[in-house]
Every structure is written in C-alpha cells, then in structure tokens.
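Report on one structure; see the data block that follows.
The values are calculated or read from the model by the stated rules, or taken from the named source; none is laboratory data. Worth saying up front: this structure is predicted, and the values here are computed from it rather than measured. As a convention, Cβ positions derive from the backbone with ideal geometry for all residues, glycine included, and neighbour counts pool all protein chains shown.
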Amino acid sequence: MCEFNHGAHSHQTLDPAAAEMLEKANRENVQTVWDRFEQQKPQCGFGDLGLCCRNCLQGPCRINPFGEPKTAICGADADLIVARNLLRTIVGGAASHADHSYMAIHCLKEAAEGKAPYPLKGVEKIQSVAAKLGLSTQGKTDNELALEIAHVALADFGSYSDEPMKWLTATVAPELLETWKQLGILPKNPDREIRTAMHQTSMGVDGSPLNLLLSSLKLGLVDGYAGLQMGTDVQDILFGIPYPIKTEANLGVLSPDKVNIVVHGHMPEVSEKIVEWAKKLDNEAIEAGAAGINIAGICCSGNEVLMRQGIPLAGNYLSQELAIITGAVELMVVDVQCFMPSLTKVASCYHTKVVTTTPIGQLPDAEHIPFTPENADMKAQETVRLAIAAYAKRDPAKVQIPTHKSEAWGGFSVETIVETLAKLDPVSPLKPLVDNIIAGNILGAVGVVGCNNVKAIQDQQTVEMVKDLLANNVLVVATGCTAHALAKYGFLSPAGAKKYAGSKLLSVLTAIGEAAGLNEPLPPVLHMGSCVDNSRIGDLLGALAGYLSISIKDLPVAASAPELQHEKAVSIGTWAVALGVMTHVGVVPPVLGSPLVTKVLTSDLEGLTGGKFFVETDPHLAAEGILAHILAKRKALGI
Ligand code: BF8
Ligand code: SF4
C-alpha cells in the first residue's frame, strides 16, 4: 500500500495544507483519493449521463445518446432510465438521513428512560419541540416529555396509516402543506416511502418518468423531515442547542505533542462521548508521555462537536486521508457515512488506529468497538485508551503537521440568530434582518452547503462563488463540508467580514456584532452546522416567510451545493426545491441523458413548487445566476 507509484499529475486542491500533505503522500508512496480518481479516468460516459441501468439481470443496459439503441432490453428509454436512477439516488440519501435520525431517536428514548448515559442538555428544545408537536407539557418532567417526543418520532417510523408524517405536518406552514398535498407528494411513514420507491423503480413497475420525478420530490421530503428536521430536533434535545463558539480550522489544528484523536462521520452520540472521555482521561495521556489529548473533527462529526464543544475542524471530505498522512493522528474514529474505505490502507502506512463503531459501518482492517447508547461510556473510554496507547508508536520521522489554520466561529442555530437579533429589537427580532433586506443592505441570502468532490478542485468552487456573493452583499449561511471549506479561508471569522463582505453587508454585520457585544462584526458566513442541520436553514426560511406573510418561494434566497458528491446532497437539494428554493449544483448530476428530466428539474418544476435546480460548474457564472435570481425575487416583491 505504501508502494504506490504516483504518476506525474497535479493534485487538485486550493487548500495549501492539503497540497502539502499530497506532496508528503507522494514522497511516502501513499495512495490517495486523487490517485484513484486518475485511475478511474476516463469515467463511463453512459454512467455520467445517467443512461446505464442494472435494475435487472438482463442488463446492464445502456442507451446511446447519439443513436441506437434508444431503448433498453425491457423497452425502457433514456427518460425512464434517468428518472429511475435519480429516484434511487434520492432514496439512498433519504435512507441515510432517516437512519441517522432513527439512531438519534433510539438514543433519546434510552436516555429519557434512564438506560443510557446521556443527560438531556437541550431543555429549551424539549419545550419548543413539544410545543411544535402539540404535546401538553403540564406536570411533565423534562425526561417524560423527551420520552413522549421520542415516541412521536418513532410513531412516524411505525405508522401504518395513510396520514402524512407528523413531524412534517408539525413543522411546515399550511400553505406549503397544501402545495405538497395537491402534488400528491406528502410522505407517510418514511420507511414505507423508501420501500415503495425501491419497488417503484424495480424492473417492470413504473414506466412514467414524470411520476418517478414526483416520487423524487416526495423522497426529498422524507429526507427533509424524517432525516434533517427530526435529526436536528432530537440531537439538540440530547446534546444542547448550539451557541456561537470560536475555534480553528484546517490540518494545523493537529497537535505535535498531544495524542490526536480525529472524530469522523456523523453521529454525535459517538463523537460527543469521545470528547467527554478525552477530557476525563487527559491525565492518562500525560502519564503516557504526551502533553494531553487533542480532538479534531472531519466531515459532519467535526461540525457537530465544533458547534457544541468548540472542537477544531481538521478538514472536510477530501482531507480525511490527509489527516492520517500527517503522521500525527493516533486514532480516527468513524461511525456512519462519508468515511472512505481506503482509510485503513492509508493508516497502515502510519501508526494510526482506525476505529469503527456501528454495525453497518465496518472496515476489514479497523478495530471494531461497537457503540450502543447504553455502553457508550465504556466504549468511548476503550477508544480513547487505544489512542493513548498508539501515541508511543508515533514515528517522529514521519510527522509533518501543516501550519495552516484559521479562526472560525460556529454554532449559529436559529435560536442563536434570533437571540442575537433580539438585542436590536426585543419585540420583533426578525424585523432588523428583514428591514435590512428590504433596504438592500442585505441583497439576499444563500445557503451554501454540501461536500467536496474529487471532480472539482477542492474548495475552489465554493470559495470563488462565495467571494462573489459576499462582495454583492449577499449573506451566506453554510453547513457540512462546505462550512469546513469556508472555515479554512477565514470566511467564518469577524476578520472575514472585513475581507470579503460588500460595504453594505459589512455595516449590517458590524451593527449586529456590536449589539451582541462582540466589538467585532459577525462573520459574513454563518456556520449553521452539519448536513442534517440544513433543517435549521429551512426553519429560518420558514420564519422569515412567516414574518412577511409570504411563501418561501418568494424570498430573495437560494441554495447552492458547489462541490456535492454524496447521494445525501442530492436528496437535500430535492427537499430544497420542494420548499420552493432555487438550488444551484456545481457538479453535474447524472441526468443529462434525459432532456425531459433535465428540463423538468431545471425549469418546469418552478411551476409546481417555485423551486428548481440550476446547474453551473463555473463558480463566477454560478454566482451571477444566483444574483440574477435574487434580484428577480426582489423585483417581484417590489423591493
Ligand atoms: O453529510 S457534506 S461529504 S460529510 S454528505 Fe459527507 Fe457531503 Fe461532507 Fe456530512 Ni454532508
Ligand atoms: Fe435493462 Fe430494463 Fe433490466 Fe434495466 S430493468 S437492466 S433497462 S432490462
């Protein structure tokens, strides 16, 4: 594995720390995701266009976009194959998010019943979620109420009625519900919708591309409410509502003299316990000759512990192998989603231990330490002690930690944003924000979210596009690996406001920052959390639309995933367009093989929900398109 002969090709990253580690990987003959991408070239054109089907054993079938065959063995054409594949992609994303939130609900139930060692830290959230769900709170303890909330969530997963999901109907405005009802896309039990969509896309069932596209919207709503919304609500109850907190980002956060543990994946049930026990076992690390224990985060686990604990970010999706290549990571603990199967191979070149923790997320050469809500304390101790033991095996000759790191603020929950704005107007906190939008000081707002994708230069599309948006006085909120990307270049810091924000936006950020007692402007990009926390952006949009008595689709806002890679990013995007938000994607999804599907997604959809996809791989043109959209929405509002 450490004998990989790198050819002469340039690595594609904007991040100087990543570039430094890629040179190290070259010297040490370690293969990375960029090398494997090169080996995959040229990627299959049929797959790229969405024109390959393997849904039955007569296949694989391919449609030739330039001639024959125009139909597959069973008679499916390009439109059908692309629409079926798209729905299966969205099912993959929705299933990942729904399963993630189900695990959190299970943990909440065990915790509320006193069977799992998680004190419920989000007491205010218990009250607000109970109110949203219409639960009576009188005479109930926090634990009793939390248990009732867990049961409402579980009832959605166990429902056999034809009623739409309770969590959805309790969250969104009646007017949106009506739109979705008219379209026939209100999801029932999320597990059932996932099953039905797999059935619908199997050989010889749905032959209607348009019907499949409507189901795609429905599965987008499964993602939005059984995944994102439920996940965030439940995680806030368990671990607390995030509040602004300062930290640092990029590989420079790794410590030269401490035991470095990297948390990676998505489940705060695991990462929070690692943080807790790392603090408690710090002395053992000192006894082992280290200066203590340092935790850093990759991907969404990083975002989760950043928001609530101020843990620094080591890097986003494409940097996960590079963290190990520093030679300074004793242990990387993963749970579910977005960890590369290559991690153990990279780790085998160093002293790094890789620990898997869930029954469905195992790696053959990793140490498997199965976490459950009940045993989490024990398993977290075991994991942290494994890291301490690994410290003795660190090879100083192989250690090279890049110096790059930037100040980054995280933890901008909706609760925090409203509380901060209340310093300006205690009676009507959203008023100052809306007034500034109306006055044009804030031109609009964009949620920039999603991943890295090895097809794009790491972080570049995100950074270039966000620079253009901020310069044009557009406020940006970010989640997921995009938040990491922006953190690395200073966008999540007050200094970033002075550097990147247009003058009008800067004056608003400064006024809010001063009112909040910061003596500095707010960061121009507000870090709203992990990918499930995109629900927070949905909540904020709902609140703004409600305040103005208009629909979300009429707001001067947009969403963007400049470097998406995961199925989850596609399902989140589909939820966003169902909400009525124009959603930019900077990597072309595999739909271009069907002119019909492409047209529906990028144009016709607007007539149904108000939202649509906007595909643009050039970051400056993407920003232009988004700005034009925001200006058109402003014009329609008469502002
Ligand atoms: O759920 S942004 S690469 S880590 S999928 Fe994955 Fe994409 Fe990162 Fe978080 Ni979201
Ligand atoms: Fe081919 Fe149809 Fe089977 Fe797909 S379902 S592999 S298009 S025969």
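When the test is whether a residue is at pLDDT 95 or above and more than 16 Å from ligand 1 (Cβ to nearest atom), Val474 passes it.
Looking across segment 436-460, the residues that are within 26 Å of Phe37 (Cα to Cα) and not β-branched (Val, Ile, Thr) come down to Gly450, Cys451, Asn452, Asn453, Lys455, Ala456, Gln458, Asp459, Gln460. Here Thr383 fulfils each of the conditions (1) surrounded by fewer than 18 Cβ atoms within 10 Å (Cβ to Cβ); (2) closer than 21 Å to Val253 by Cα apart from (1). Only one of the numbered conditions (1) surrounded by 20 or more Cβ atoms within 10 Å (Cβ to Cβ); (2) of a type in the set (Gly, Ala, Ser); (3) farther than 22 Å from Glu269 by Cβ is violated by Gly93, and that is (3). You will find that of Val463, Val474, the residue that is away from ligand 2 (no atom under 16 Å from the Cβ) and either under 27 Å from Val33 (Cα atoms) or without any contact (Cβ under 8 Å) to a residue 60 or more places away in the chain (or both) is Val463 and no other.
Which residue, of Ser594, Ser560, Ser549, is out of contact with any Ser or Thr (no Cβ under 6 Å at 6 or more places or on another chain) and within 16 Å of ligand 1 (Cβ to nearest atom)? Explain how you work it out, then say what you get.
On the way: Ser594 fails: within 16 Å of ligand 1 (Cβ to nearest atom); Ser549 fails: within 16 Å of ligand 1 (Cβ to nearest atom).
The conditions single out Ser560.
Output yes when any residue across segment 99-108 is of a type in the set (Val, Ile, Thr) and within 16 Å of ligand 2 (Cβ to nearest atom), and no when none is. No, that holds for no residue.
Beta carbons closer than 9 Å, at least 6 apart along the sequence or on distinct chains, pair a first residue in segment 521-532 that is under 17 Å from Gly444 (Cβ atoms) with a second that is hydroxyl-bearing (Ser, Thr, Tyr) and within 16 Å of ligand 1 (Cβ to nearest atom) for Met528/Thr479. Taking every residue in segment 555-581 that is at positive phi and pairing it with any residue that is of a type in the set (Phe, Trp, Tyr) and within 16 Å of ligand 2 (Cβ to nearest atom), at least 6 positions away or on another chain, yields no pair with a Cβ-Cβ distance below 9 Å.
For the condition free of Cβ contacts under 8 Å to residues at least 24 places away in the same chain and either under 23 Å from Glu272 (Cα atoms) or crowded, with 18+ Cβ neighbours inside 10 Å (or both), what is the one hit in Glu419, Glu407, Glu415, Glu367? Talk me through it step by step, then tell me what you get.
Details: Glu419 fails: either under 23 Å from Glu272 (Cα atoms) or crowded, with 18+ Cβ neighbours inside 10 Å (or both); Glu407 fails: free of Cβ contacts under 8 Å to residues at least 24 places away in the same chain; Glu415 fails: free of Cβ contacts under 8 Å to residues at least 24 places away in the same chain.
When all the criteria are applied, what remains is Glu367.
Quickly run through segment 5-61 and pick out the residues that are more than 16 Å from ligand 1 (Cβ to nearest atom) and acidic (Asp, Glu). Listed by number, the residues that qualify are Glu20, Glu23, Glu28, Asp35, Glu38, Asp48. Applying the criterion of at least 3 residues that are within 16 Å of ligand 1 (Cβ to nearest atom) to the helices (runs of 4 or more DSSP H) found wholly in segment 75-182 leaves 78-112.
One residue stands out in segment 40-88 among those that are among the basic types (Lys, Arg) and surrounded by 15 or more Cβ atoms within 10 Å (Cβ to Cβ): the one that is farthest from ligand 2 (Cβ to nearest atom), namely Arg88.
Within segment 532-563, being among the hydrophobic types (A, V, I, L, M, F, W, C) and over 15 Å from Ser413 (Cβ atoms) holds for Leu544, Ala545, Leu548, Ile550, Ile552, Leu555, Val557, Ala558, Ala559, Ala561.
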